[in-house]
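Q: Sending over a structure as structure tokens; questions will come in a sec.
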Amino acid sequence: MSETIRKASADDVPRMLDLAEQRRQEYAHYQPVFWKPATDAREKQSAWFAQLVRRENIVTLVYERDGEVIGFVIANFVPSPPVYDVPGLTCNVDDFCVATHEDWLHYGRKLLEAVMEEAKQRGAAQIVVVCAHLDHAKRSMLSDAGLTIASEWYTTPL
């Protein structure tokens, strides 16, 4: 079995979209107000991902096993809020998916470690990873990797 983590390319975008769509459907069950997908979510995300994989200031990594992409992570970098004592950039991870819940412990963890290493090399002082409150497998992996909950968001329709 061959496994590798590598920079994502335009050829990876369709599979990344499949994984993201799977996550959107799952997250919509967790919280149908905040995570409600747009009817054209895939098309919008396709154009967005196609841009991101070409940008040098964005980290886009895929985990490939036996020629199939089974996970990906996308990270951008923002200045840390000036009111907090965080010297350096914040690595922000929003899009982070794996094929199955069981994949978080190994493949998700390896992707997280790879993006954290890249973030350190780019001068980041911390990482922030978005995770739905009911995504127990991902939450467990993040906790096992030493990440802690920094915030929770509450929502209701207006």
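Laboratory data are not the source of any read-out in this text; all were calculated from the coordinates shown. No experiment lies behind these values; they were computed from the predicted model shown. Neighbour counts are summed over all protein chains in view; Cβ atoms, including those assigned to glycine, are modelled from backbone coordinates with ideal geometry.
Q: Which pairs turn up if I take residues in the range 14-34 that are acidic (Asp, Glu) and look for partners that are surrounded by 14 or more Cβ atoms within 10 Å (Cβ to Cβ) with beta carbon separation below 7 Å, at least 6 apart in sequence or on another chain?
A: These pairs meet every condition: Glu21/Arg42.
Q: Looking at the range 142-158, I want the residues that are without any contact (Cβ under 8 Å) to a residue 60 or more places away in the chain and have a partner that is loosely packed, with under 10 Cβ neighbours inside 10 Å and not in a loop (DSSP other than H, G, I, E, B) with Cβ atoms under 8 Å, at least 6 apart or on another chain. Which pairs are those?
A: none
Q: A further question on this structure: Condition (residue is of a type in the set (A, V, I, L, M, F, W, C), out of contact with any Leu (no Cβ under 6 Å at 6 or more places or on another chain) and not in a helix (DSSP H, G or I)) applied to the range 108-119: is it met by at least one residue?
A: no
Q: Taking the range 11-45 as the search range and keeping residues that are assigned to a helix (DSSP H, G or I) and hydrophobic (A, V, I, L, M, F, W, C), which one is farthest from Glu64 (Cα to Cα)?
A: Our first condition is that a residue be assigned to a helix (DSSP H, G or I); within the range 11-45, this holds for 11-30, 41-45.
Narrowing the set further to residues that are hydrophobic (A, V, I, L, M, F, W, C) leaves 13, 16-17, 19-20, 28, 41.
Numbers: Val13: 13, Met16: 11, Leu17: 15, Leu19: 13, Ala20: 16, Ala28: 27, Ala41: 24 Å.
Filtering the range 11-45 for residues that are assigned to a helix (DSSP H, G or I) and hydrophobic (A, V, I, L, M, F, W, C), the one farthest from Glu64 (Cα to Cα) comes out as Ala28.
Q: Is one or more of the residues making up the range 125-134 outside any loop (DSSP other than H, G, I, E, B), more than 12 Å from the chain's Cα centre (by Cα) and surrounded by 15 or more Cβ atoms within 10 Å (Cβ to Cβ)? Full working, then the answer.
A: Pass one, the range 125-134, residues outside any loop (DSSP other than H, G, I, E, B): 125-129.
Within this subset, residues satisfying the condition of being more than 12 Å from the chain's Cα centre (by Cα) are 125-126.
From what's left, surrounded by 15 or more Cβ atoms within 10 Å (Cβ to Cβ): 126.
Yes, the conditions are met somewhere in the range 125-134.
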